[in-house]
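**Q** My questions all concern the structure below.
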Amino acid sequence: MNVTVTDQEACKKQLRLEIPGETVRAETDKVATELAKQISVPGFRPGHVPKSVVKTRFKKELRDEVLSHLIPHSVGDAIKEKELKVVGQPSVDELKFRDDETIDLTISLEVAPEFELSNYKSMPVRKRVYKIRDIDVDNVVEAMRMNHAQLVPVEDRPAQIGDIVGASLSTRLMDDNEEVAEAGESERKEIRLELGGREVLQEFTDALTGTKIGENKQFTVTYPADYKASQFAGKTYEYNAEVTGILVKELPDLDDQFAQVVNEDFKTMADLRDAARKDLEEKAGHRTEDELRNAVMDQLIERNRFDVPEAAVEEAINARISTLVRGLAAQGVDPQKLQVDWDELREANRDRATKEVRAAFILDRIADTENIEASDEELDNQLNELAENSGQSVDQIRARLTKNGTLDRLREQIRNRKVLDLVISAADIKIEEVEGPGNDESESAGEQDAR
């Protein structure tokens, strides 16, 4: 078989195969013999139809069957002969039969990128270490206190900042702030929000501050174009709110009794504070390690710039979209009923997916260079951990991963972690201490979005 390879752009190559006529004829005879045993033709006993009759009366079927055997086998041999690392599925561009039955076949395919691996040792990396302070523990305890607050009705004064206001709310969508775009008001619904709360729109706080029970307030809200709830983004709504209740938070005392309410295992406030500090420190430690690994991976990607196969990027995008869809389904949301531009969502994930694919090739190359593999023992340990977390047996987990083809991917993930561990151990790490947990872990986030 005559094979030639032509480089195309990026990771694409074109493969030209010449399958000799004698090979085609031999395969045709073989397939015709098999078909003769299976088909029925008037005038011939079953299983005794001559090959010549099969070739004449079932010419198209015979050719299709021959091609279905020859093409995958021939392409596989050509890929092996040229030592190509194919990514994705090859596609047939052109197929021609010559008079002597020789087949000329042109195949397009993508291959793993060829690149020179940059130095991955002694990379300068900053490691942020988060130091938990007493004030961080105070904030966590205060958040617990807020979560255990009792709501006490207020009737002798208007609503003020910090109050929880209940209201019966109706909505109208406005067109250009003047004409009603939807007929009539929506059905009234009951809402409850904290005036001045972090997640409460300022327009709601402004409109309801100073109101009394039974009072009606009418106001409009123009939502920014990038508002997180897409059904409101860039639109103007008119609201009619009837105040149905005003509540104030009554906070419990921070004493040993409160600690026991939070957790019966706590005997004193000191126990509660110790547990809060330990939790913050564990989260801070995870944050440090995650940031360090991400920083190392980002630097590896930046040091190794090369084109990646589009097929691999598309596969990565598909995986990300599938994860999103499964997450929505788990929350009881039907993705098909969402007004989502899936093509736009795919494009929004393209850059991230491209980086993931490039990272995979880089880690794979380092693993080959350093002879790093995931051992069977390490795989078993990971399966045991998955089994413990899921409540299933190890055999069930292994069977499921084998069935859906992700067991090898799990082994690859283990190997990649070992590669990153090696790169980190060889890095030039500079420690930077940061006061606090580095996020809002120690802050209360109990407010509720009004819309």
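The values are calculated or read from the model by the stated rules, or taken from the named source; none is laboratory data. Since this is a predicted model, take the numbers as computed values, not measurements. Glycine also receives a Cβ, built like all others from the backbone with ideal geometry; neighbour counts cover every protein chain displayed. Quick note on the areas: whole protein, heavy atoms, side chains included, nothing else; ligands and nucleic acids left out. Shrake-Rupley method; radii C 1.70, N 1.55, O 1.52, S 1.80 Å.
**Q** Scan segment 15-25 for residues that are open to solvent by 10 Å² or more (accessible area, probe 1.4 Å), farther than 17 Å from Val53 by Cα and either of a type in the set (Asp, Glu) or assigned to a helix (DSSP H, G or I) (or both) and report the count.
**A** We begin by selecting, within segment 15-25, every residue open to solvent by 10 Å² or more (accessible area, probe 1.4 Å); these are 16, 18, 20, 22-23, 25.
When the remaining residues are screened for being farther than 17 Å from Val53 by Cα, the result is 16, 18, 20, 22-23.
Now drop any that are not either of a type in the set (Asp, Glu) or assigned to a helix (DSSP H, G or I) (or both), which leaves 18, 22-23.
The total comes to 3.
**Q** Read through the list (1) within 30 Å of Ala312 (Cα to Cα); (2) open to solvent by 70 Å² or more (accessible area, probe 1.4 Å), then give the number of the only condition that Lys37 fails.
**A** (1)
**Q** Let me ask another. From the list Glu101, Glu110, which residue is open to solvent by less than 30 Å² (accessible area, probe 1.4 Å), in contact with a Gly (Cβ under 7 Å, 6 or more places away or on another chain) and not aliphatic (A, V, I, L, M)?
**A** On the way: Glu101 fails: open to solvent by less than 30 Å² (accessible area, probe 1.4 Å).
Answer to the selection: Glu110.
**Q** Need pairs with beta-carbon distance below 6 Å; first residue without any contact (Cβ under 8 Å) to a residue 60 or more places away in the chain and part of a helix (DSSP H, G or I) and within segment 320-348, second surrounded by 12 or more Cβ atoms within 10 Å (Cβ to Cβ) and among the hydrophobic types (A, V, I, L, M, F, W, C); sequence gap 6+ or separate chains.
**A** Once the first residue is without any contact (Cβ under 8 Å) to a residue 60 or more places away in the chain and part of a helix (DSSP H, G or I) and sits in segment 320-348, its partners that are surrounded by 12 or more Cβ atoms within 10 Å (Cβ to Cβ) and among the hydrophobic types (A, V, I, L, M, F, W, C) give Pro335/Val325; Pro335/Leu328; Arg346/Ile317.
**Q** Using beta carbons and a limit of 8 Å, which pairs, at least six apart or on different chains, have the first residue in segment 44-68 and over 12 Å from Glu27 (Cβ atoms) and surrounded by fewer than 12 Cβ atoms within 10 Å (Cβ to Cβ) and the second one at pLDDT 75 or above and basic (Lys, Arg)?
**A** Correct list of pairs: Gly47/Lys37.
**Q** Would you confirm whether any residue within segment 155-163 is over 30 Å from Leu251 (Cβ atoms), touching a Lys or Arg at 6+ places or on another chain (Cβ under 8 Å) and at pLDDT 90 or above?
**A** Of segment 155-163, the ones over 30 Å from Leu251 (Cβ atoms) are none.
Within segment 155-163, not a single residue is over 30 Å from Leu251 (Cβ atoms), touching a Lys or Arg at 6+ places or on another chain (Cβ under 8 Å) and at pLDDT 90 or above.
**Q** For segment 69-91, enumerate the residues that are within 17 Å of Asn2 (Cβ to Cβ) and open to solvent by less than 100 Å² (accessible area, probe 1.4 Å).
**A** Selection gives Leu70, Ile71, Ser74, Val75, Gly76, Asp77, Ala78, Ile79, Lys82, Leu84.
**Q** State which residue is farthest from Ser425 (Cα to Cα) when the search covers only segment 120-134 and only residues that are among the hydrophobic types (A, V, I, L, M, F, W, C) and touching a strand residue (DSSP E or B) at 6+ places or on another chain (Cβ under 6 Å).
**A** Initially, segment 120-134 is screened for residues among the hydrophobic types (A, V, I, L, M, F, W, C), giving 123, 125, 129, 132.
When the remaining residues are screened for being touching a strand residue (DSSP E or B) at 6+ places or on another chain (Cβ under 6 Å), the result is 125, 129.
Working: Val125: 11, Val129: 17 Å.
Ranking the qualifying residues of segment 120-134, first place goes to Val129.
**Q** Between a first residue in segment 1-13 that is over 14 Å from Pro309 (Cβ atoms) and of a type outside the set (S, T, N, Q) and a second residue that is at pLDDT 90 or above and assigned to a loop (DSSP other than H, G, I, E, B), which pairs have beta carbons less than 7 Å apart while being 6 or more apart in sequence or on different chains?
**A** Cβ pairs passing all conditions: Met1/Pro20; Val3/Lys82; Val5/Lys82.
**Q** Related question: Please tell me if Lys228 is of a type outside the set (Asp, Glu) and open to solvent by 70 Å² or more (accessible area, probe 1.4 Å). Don't jump to the end; show me each part of the working.
**A** On the way: of a type outside the set (Asp, Glu): yes; open to solvent by 70 Å² or more (accessible area, probe 1.4 Å): yes.
In short, yes.
**Q** Sticking with this one: Would you point out the residue of segment 231-252, among those that are closer than 30 Å to Arg273 by Cα and out of contact with any Lys or Arg (no Cβ under 9 Å at 6 or more places or on another chain), that is most open to solvent (accessible area, probe 1.4 Å)?
**A** Of the residues in segment 231-252, the ones closer than 30 Å to Arg273 by Cα are 247-252.
This time we only want the ones that are out of contact with any Lys or Arg (no Cβ under 9 Å at 6 or more places or on another chain), so: 248-250.
Details: Val248: 47, Lys249: 60, Glu250: 101 Å².
Looking at the filtered set, the residue picked out is Glu250.
**Q** Within segment 190-210, track down each residue that is of a type outside the set (Gly, Ala, Ser) and without any contact (Cβ under 8 Å) to a residue 40 or more places away in the chain.
**A** Leu195, Gln202, Glu203, Asp206
**Q** Only one of these is farther than 30 Å from Ala159 by Cβ and either among the hydrophobic types (A, V, I, L, M, F, W, C) or modelled with pLDDT of 95 or more (or both): Leu254, Leu272. Name it.
**A** On the way: Leu254 fails: farther than 30 Å from Ala159 by Cβ.
One residue alone meets the criteria, Leu272.
**Q** Based on this model, can you work out whether Arg398 counts as open to solvent by 60 Å² or more (accessible area, probe 1.4 Å), closer than 21 Å to Val357 by Cβ and under 24 Å from the mean Cα position of the chain (by Cα)? Steps first, please.
**A** Details: open to solvent by 60 Å² or more (accessible area, probe 1.4 Å): yes; closer than 21 Å to Val357 by Cβ: no; under 24 Å from the mean Cα position of the chain (by Cα): yes.
Against the criterion (open to solvent by 60 Å² or more (accessible area, probe 1.4 Å), closer than 21 Å to Val357 by Cβ and under 24 Å from the mean Cα position of the chain (by Cα)), Arg398 does not qualify.
**Q** Can you name every residue in segment 341-377 that is of a type in the set (Asp, Glu) and either over 30 Å from Glu116 (Cβ atoms) or surrounded by 18 or more Cβ atoms within 10 Å (Cβ to Cβ) (or both)? Step through it out loud before you land on a result.
**A** Taking segment 341-377 first, the residues of a type in the set (Asp, Glu) are 341, 343-344, 347, 351, 356, 364, 368, 370, 373, 376-377.
Correct list: Asp341, Asp343, Glu344, Glu347, Glu356, Asp376, Glu377.
**Q** Of the conditions (1) modelled with pLDDT of 95 or more; (2) touching a Leu at 6+ places or on another chain (Cβ under 6 Å), Ala241 fails just one. Which one is it?
**A** If we test Ala241 against (1) modelled with pLDDT of 95 or more; (2) touching a Leu at 6+ places or on another chain (Cβ under 6 Å), just (1) comes out false.
**Q** Next up: Within segment 190-221, take every residue that is modelled with pLDDT under 90 and open to solvent by 70 Å² or more (accessible area, probe 1.4 Å) and give me the one that is nearest to the chain's Cα centre (by Cα). Give the steps one after another, and end with the answer.
**A** Step one: list which residues in segment 190-221 are modelled with pLDDT under 90, which gives 197-199.
Now restrict to residues that are open to solvent by 70 Å² or more (accessible area, probe 1.4 Å): 198-199.
Details: Arg198: 28, Glu199: 26 Å.
Per the stated criteria, the residue is Glu199.
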